[in-house]
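K.L.:
Shown below is the structure under consideration.
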Protein chains: 2
Amino acid sequence: MRLPRHNAAFCKGCFNGFVHDQTLKAIRSQQMFTKDDRIVVAVSGGKDSLALWDILLKLGYRADALYVNLGIGAYSESSQDKVLHFSEMMAAAHGSVLHVHRVEREEGAGIRELAMLVHRPTCSTCGTIKRYQFNQVAIQHDYDVMATGHNLDDEAARLLGNVLHWQDEYLEKQGPSLPASVDGFAKKVKPLYRLTERELAAYCILNKIDYVVDECPMAQGARTLLYKEVLNRLETESPGTKQVFYWGFLEKHRTRVMPINMEEKDRAVLHPCSLCGQPTTAGTCSYCKLMARAKASTPH
Amino acid sequence: MRLPRHNAAFCKGCFNGFVHDQTLKAIRSQQMFTKDDRIVVAVSGGKDSLALWDILLKLGYRADALYVNLGIGAYSESSQDKVLHFSEMMAAAHGSVLHVHRVEREEGAGIRELAMLVHRPTCSTCGTIKRYQFNQVAIQHDYDVMATGHNLDDEAARLLGNVLHWQDEYLEKQGPSLPASVDGFAKKVKPLYRLTERELAAYCILNKIDYVVDECPMAQGARTLLYKEVLNRLETESPGTKQVFYWGFLEKHRTRVMPINMEEKDRAVLHPCSLCGQPTTAGTCSYCKLMARAKASTPH
């Protein structure tokens, strides 16, 4: 496995060591969690989140997982199969628990139908639902922190999009470790932000982790894919571009004592949703609004 | 002429009007100069700088020009021919003067030889020499402001490079209007920052301005070309990306009262060069150092 950005090449054992080291470095440098903390990993069946679950267990962390079945036909069933398989074959031996939520069972409709009912794009509806359910499970089961599988490519692409439009508000929230600023909001971390998509795919293959290869059929996130393509072009010409770009941003922000500001700001604007109690800036949170609208448009 | 980023298409007359309007908007919004000011345009023989000279004269500004012949064989001779031709056929009628400097005559060697003598890349040597000579002419002939033909593509590519590496120091100096912060430094402006490369090429063709099409043979500025390629890819998918990116940056910086800081900083660190008197942060300026090194290595 050649890694031009580190000017290095690894055999299988050393590559696994490299992946584990980079994850540990992320966890420690960003004070994500300790061995005492209970972690819930948001798993989708894709390479990043399954790799994350695997890495955390092998590093000796107390990591459970949550899979949200969005009801996207065969795609969701195949994703769930991969997650169940990993859970039984790898995670169970560590005493790790898998929570499974089915949107169809809990809300009476899959993501496609819900998005149609509320006249909103599927991806943004899906985002609202997943964020809500992950947070809910983290709070209800008293997890200390919620971990997602976002990698360096994801974060660099998101940063490029935010920088191209100079979206200060989003730039402020784009860190790999967001504190639990108010009661009812779980701490959120991204322990894979130092590893690329390619490295995580290689990790899964080397460690026989079976994952869903296809992108979600609902929406390819065209904009994000374009930013990734462009960053890959720059990376090919100049290895290390992505990490210099994203890590440089983190370094720059760190020196500006940003997280403290964010916590203060959050405390000032967030309060419990009138229906469910999760923190929101409005009277009713976006998830409850979405579900109320979906129910109102359901034919009786 | 179709302009997807403005969602518009123009005939010849309207397109010229559009180009003139965008230039006026740049000049006024950034307080670059007035009709009373004497301007010196840095011309290279390429489309941007000749278009700029043409536009300023047609808008009724007092614009002279300076061409620096760098002694790059046939390329420099052909560039100089285009500049002389434009000067005689178009600019002279406006009473506009062209200054011509020949590096070979003034320093005894062309840019290639000078770069070899001082063991530095040609492009950085060339940059030092051009910046120095343009500033010198502006100061000696009492011009109020120096104008260069940098366009939106140039500025967006430069910004992308600076942002990818988070080079704060360069980010601070990347405005289209840099004040004459200290005695001996001319004010520098970029009136074409609202127009793209493609628009300026079209302007030259429509207005029969003959220009050097080839890039400089010494160095293609590979990095800048790569950034331009990547921005063009984003622009194709999402027209307006470049302007949102660069203008958004300017807007963001404007609100941070940046230019005042820069003037103060400059005053604190700049003082006259011990040899030539132009402002420098060191005892001897980089131009004088370069020439001293070149002379020391010249075989006698």
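The values are calculated or read from the model by the stated rules, or taken from the named source; none is laboratory data. Quick caveat: nothing in here was measured; it's all calculated off a predicted structure. Cβ: placed from backbone, ideal geometry, glycine included. Neighbour counts: every protein chain shown.
K.L.:
What are the residue pairs meeting all of these: first residue in the range B:43-70, first residue on the phi > 0 side of the Ramachandran plot, second residue hydrophobic (A, V, I, L, M, F, W, C), Cβ atoms under 8 Å, and 6 or more apart or on different chains?
P.N.:
Matching pairs, first to second residue: B:Gly45/B:Val83; B:Gly45/B:Val212.
K.L.:
Based on what the data block shows, is A:Asp21 without any contact (Cβ under 8 Å) to a residue 24 or more places away in the chain and closer than 18 Å to A:Leu152 by Cβ? Write out each step before concluding.
P.N.:
Values: without any contact (Cβ under 8 Å) to a residue 24 or more places away in the chain: yes; closer than 18 Å to A:Leu152 by Cβ: yes.
Answer is yes for this residue.
K.L.:
Against the condition under 22 Å from A:Ser177 (Cα atoms) and touching a Leu at 6+ places or on another chain (Cβ under 9 Å), how does A:Thr122 come out, does it pass? Quick ask: steps written out before the conclusion?
P.N.:
Numbers: under 22 Å from A:Ser177 (Cα atoms): no; touching a Leu at 6+ places or on another chain (Cβ under 9 Å): yes.
Judged against the criteria, A:Thr122 is not a match.
K.L.:
If a residue must be part of a strand (DSSP E or B) and either under 24 Å from the mean Cα position of the chain (by Cα) or surrounded by 12 or more Cβ atoms within 10 Å (Cβ to Cβ) (or both), how many such residues does the range B:2-39 contain? Step through it out loud before you land on a result.
P.N.:
Filtering the range B:2-39 for residues part of a strand (DSSP E or B) gives B:2-3, B:8-9, B:38-39.
Subset that is either under 24 Å from the mean Cα position of the chain (by Cα) or surrounded by 12 or more Cβ atoms within 10 Å (Cβ to Cβ) (or both): B:3, B:8, B:38-39.
The qualifying residues number 4.
K.L.:
Looking at the range A:202-239, which of its residues are surrounded by 17 or more Cβ atoms within 10 Å (Cβ to Cβ) and away from every other protein chain (no Cβ under 14 Å)?
P.N.:
A:Ala202, A:Tyr203, A:Cys204, A:Asn207, A:Ile209, A:Tyr211, A:Val212, A:Cys216, A:Met218
K.L.:
Mind checking which residues of the range B:121-172 are β-branched (Val, Ile, Thr) and either under 23 Å from B:Lys228 (Cα atoms) or modelled with pLDDT under 90 (or both)?
P.N.:
Start the filter on the range B:121-172 by keeping residues that are β-branched (Val, Ile, Thr), which leaves B:122, B:125, B:128-129, B:137, B:139, B:145, B:148, B:163.
Listed by number, the residues that qualify are B:Thr122, B:Thr125, B:Thr128, B:Ile129, B:Thr148, B:Val163.
K.L.:
Would you call B:Leu250 in a helix (DSSP H, G or I), surrounded by fewer than 17 Cβ atoms within 10 Å (Cβ to Cβ), out of contact with any Leu (no Cβ under 7 Å at 6 or more places or on another chain) and modelled with pLDDT of 85 or more? Steps first, please.
P.N.:
Details: in a helix (DSSP H, G or I): yes; surrounded by fewer than 17 Cβ atoms within 10 Å (Cβ to Cβ): no; out of contact with any Leu (no Cβ under 7 Å at 6 or more places or on another chain): yes; modelled with pLDDT of 85 or more: yes.
Considered against the rule, which asks whether it is in a helix (DSSP H, G or I), surrounded by fewer than 17 Cβ atoms within 10 Å (Cβ to Cβ), out of contact with any Leu (no Cβ under 7 Å at 6 or more places or on another chain) and modelled with pLDDT of 85 or more, B:Leu250 comes out as no.
K.L.:
Further question: Under 30 Å from B:Cys276 (Cα atoms) and modelled with pLDDT of 95 or more: does that describe B:Val189? Walk me through how you get there before you give the answer.
P.N.:
Values: under 30 Å from B:Cys276 (Cα atoms): yes; modelled with pLDDT of 95 or more: yes.
So B:Val189 passes the test.
K.L.:
Pick from B:Tyr143, B:Tyr193: which is outside any helix (DSSP H, G or I) and in contact with a strand residue (DSSP E or B) (Cβ under 6 Å, 6 or more places away or on another chain)?
P.N.:
Values: B:Tyr193 fails: in contact with a strand residue (DSSP E or B) (Cβ under 6 Å, 6 or more places away or on another chain).
Being outside any helix (DSSP H, G or I) and in contact with a strand residue (DSSP E or B) (Cβ under 6 Å, 6 or more places away or on another chain) holds for just one of B:Tyr143, B:Tyr193, which is B:Tyr143.
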